[in-house]
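*Asks:* Please read through the structure below; I'll follow up with questions.
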Amino acid sequence: MASRFNQIVDEIQADPTLAGFNYSTGRLAEKENADWPRIIWIPTGGPITATQNVGGRLTGAGADRARQFRTVELNCDVNIWGQNVEQAEEMMHLVIAASFRLMLGSIEFNNHTWDTQTQTGADYSARGQKIVLDVMMRIPVIDAAQQLAIVTAETHAGKFIYPPTGSEETVC
């Protein structure tokens, strides 16, 4: 079973505007010497917070009965390699738009860094121009949907004291 993170990334990357871009997840994929255009999603962690309204994603069959326990705020570095500065920047804009269309308020875009524009990051220029986009996804922690049960019979036992009179009444 794929992780929820990988499922979300697969759904984002399935957007028609991102067709033709290689993509993968995880730090290992970042180190591969693959050709551009490519996008690598690297989860970096984050807090687990109180339940929030997490919009933009259906949670599957039985979503109307599912219960959200908490929200995972997963920070990610999205590494975007283009052939040149223009392509890398256009790819970043397409990733932002496709992500927002799928996730609406469940995703935030923070800083972005041009790694190839620094002396320490110049080695990336041999593999294209690189932008690292800081993203935070809100992923609901959902309880498994419970099967509905039909109550066919009830039994009650016990006594109850009726306050105005103090008399004992039989329940049901």
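*Asks:* Report yes if some residue within segment 34-47 is closer than 18 Å to F5 by Cα, at pLDDT 90 or above, polar (S, T, N, Q) and under 20 Å from the mean Cα position of the chain (by Cα); otherwise report no.
*Replies:* yes
*Asks:* When residues of segment 16-34 are filtered for being over 14 Å from V78 (Cβ atoms) and surrounded by 11 or more Cβ atoms within 10 Å (Cβ to Cβ), how many remain?
*Replies:* 3
*Asks:* Also: Give the number of residues within segment 67-112 that are more than 20 Å from Q7 (Cα to Cα) and in contact with a helix residue (DSSP H, G or I) (Cβ under 9 Å, 6 or more places away or on another chain).
*Replies:* The qualifying residues number 6.
*Asks:* What are the residue pairs meeting all of these: first residue in segment 104-120, first residue in a helix (DSSP H, G or I) and surrounded by 12 or more Cβ atoms within 10 Å (Cβ to Cβ), second residue modelled with pLDDT under 90 and among the charged types (D, E, K, R), Cβ atoms under 8 Å, and 6 or more apart or on different chains?
*Replies:* S106/R57; D115/K130; T116/K130
*Asks:* So which residues in segment 89-138 are at pLDDT below 95, small (G, A, S) and closer than 17 Å to L18 by Cβ, if there are any at all?
*Replies:* Correct list: G128 only.
*Asks:* If I ask for residues that are part of a helix (DSSP H, G or I) and within 14 Å of P43 (Cα to Cα), which ones from segment 22-33 would you list?
*Replies:* Hits for segment 22-33 are R27, L28, A29, E30.
*Asks:* Continuing with the same structure: Mind checking whether some residue in segment 1-21 is in contact with a strand residue (DSSP E or B) (Cβ under 7 Å, 6 or more places away or on another chain), part of a strand (DSSP E or B) and either small (G, A, S) or without any contact (Cβ under 8 Å) to a residue 24 or more places away in the chain (or both)?
*Replies:* No, because not a single residue in segment 1-21 is in contact with a strand residue (DSSP E or B) (Cβ under 7 Å, 6 or more places away or on another chain), part of a strand (DSSP E or B) and either small (G, A, S) or without any contact (Cβ under 8 Å) to a residue 24 or more places away in the chain (or both).
*Asks:* So V141 fits all but one of (1) touching a helix residue (DSSP H, G or I) at 6+ places or on another chain (Cβ under 8 Å); (2) modelled with pLDDT under 90; (3) in a strand (DSSP E or B); what number is the exception?
*Replies:* With respect to (1) touching a helix residue (DSSP H, G or I) at 6+ places or on another chain (Cβ under 8 Å); (2) modelled with pLDDT under 90; (3) in a strand (DSSP E or B), V141 is out only on (1).
*Asks:* Hey, among the residues in segment 5-15 that are buried (at least 17 other Cβ atoms within 10 Å of the Cβ) and either in contact with a Leu (Cβ under 9 Å, 6 or more places away or on another chain) or among the aromatic types (F, W, Y) (or both), which one's nearest to F100 (Cα to Cα)? So that I can check it myself, show each step before the final result.
*Replies:* Step one: of segment 5-15, the residues buried (at least 17 other Cβ atoms within 10 Å of the Cβ) are 5, 8-9, 12-13.
From the residues that got through so far, the ones that are either in contact with a Leu (Cβ under 9 Å, 6 or more places away or on another chain) or among the aromatic types (F, W, Y) (or both) too are 5, 8, 12.
Details: F5: 15, I8: 12, I12: 9 Å.
Step by step, filter segment 5-15, then rank; the result is I12.
*Asks:* Follow-up. Evaluate segment 57-76: report whether one residue or more is at pLDDT 90 or above, among the β-branched types (V, I, T) and in contact with a Leu (Cβ under 6 Å, 6 or more places away or on another chain).
*Replies:* Within segment 57-76 (the criterion being at pLDDT 90 or above, among the β-branched types (V, I, T) and in contact with a Leu (Cβ under 6 Å, 6 or more places away or on another chain)), the answer is no, since none of the residues qualifies.
The values are calculated or read from the model by the stated rules, or taken from the named source; none is laboratory data. In this text the structure is predicted, and so the values were computed from the model without any measurement. FYI the Cβ positions are ideal-geometry reconstructions off the backbone, even for glycines, and counts take in every protein chain you see.
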